[in-house]
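Data block below; observations after.
The values are calculated or read from the model by the stated rules, or taken from the named source; none is laboratory data. Just so it is clear, the structure is predicted and the values come from calculations on it, not from any experiment. No Cβ is skipped: glycine too gets one built from the backbone with ideal geometry, and neighbour counts run over all protein chains shown.
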Amino acid sequence: MVARYPTGTPHLRRRGIRGLWDQMLRFRIPSNPLSRATIRVAGAYSVIQGVGIIWGGDIRWSGVTYSVVRDAPGGPTAWGVIAIIFGVITLTGSAFHHWRVKAVGLLGISGWSLSFAYGFLVATFTEPAAATTAGPAYAFICVTTAILVWIDETGRDATL
């Protein structure tokens, strides 16, 4: 038996635990003003973070914690430009209600944050004086923005 959910996507109706699971996930992550605001904050954060990185330059990145990410091709400028680009893509997709553009921007922010977290975690384990909070903080941002990819402003449900 095929049932139509409000999104128009056909799903098989199941019984038992599997059916209960399907019902719980029926409206996985609904679109609402808070989700739209969170997506826009993520885009704005990325732009501000990128500007801060470029503005801070090499002096800001002179600490031991930045040893791994500082040695990436292009240095701080490349990290900042990439963050700005993905932030602008996210804000553009959100402003024009274009799900794919917004998803590309959010996945870019997520990948950027994952790379940043990886660099900080490597520095944490290789340098005794490196800070220990940056890696987990950027890993959290990575997971958060990856989850936001599935939130659509036009009412599309999440497909986790």
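List the number of the failed condition for residue 144; all other conditions in (1) under 12 Å from the mean Cα position of the chain (by Cα); (2) outside any helix (DSSP H, G or I) hold.
Only one criterion is unmet by residue 144, namely (2).
Looking at the range 105-127 only, could you name the residues that are over 16 Å from residue 49 (Cβ atoms) and surrounded by fewer than 17 Cβ atoms within 10 Å (Cβ to Cβ)? If you could, list the steps in order and put the result at the bottom.
Within the range 105-127, the subset over 16 Å from residue 49 (Cβ atoms) is 107, 118, 121-127.
118, 122, 125, 126, 127 - these are the residues of the range 105-127 that are over 16 Å from residue 49 (Cβ atoms) and surrounded by fewer than 17 Cβ atoms within 10 Å (Cβ to Cβ).
Of 89, 48, which residue is on the phi < 0 side of the Ramachandran plot, buried (at least 21 other Cβ atoms within 10 Å of the Cβ) and in a helix (DSSP H, G or I)?
89 is the lone residue from the list that is on the phi < 0 side of the Ramachandran plot, buried (at least 21 other Cβ atoms within 10 Å of the Cβ) and in a helix (DSSP H, G or I).
Quick one: what pairs do we get from the range 41-66, first residue in the same structural domain as residue 131 (by TED's automatic domain parsing), second part of a helix (DSSP H, G or I) and among the aromatic types (Phe, Trp, Tyr), C-beta under 7 Å, 6+ apart or different chains?
Between residues of the range 41-66 that are in the same structural domain as residue 131 (by TED's automatic domain parsing) and residues that are part of a helix (DSSP H, G or I) and among the aromatic types (Phe, Trp, Tyr), the close pairs are 46/86; 53/79; 65/120.
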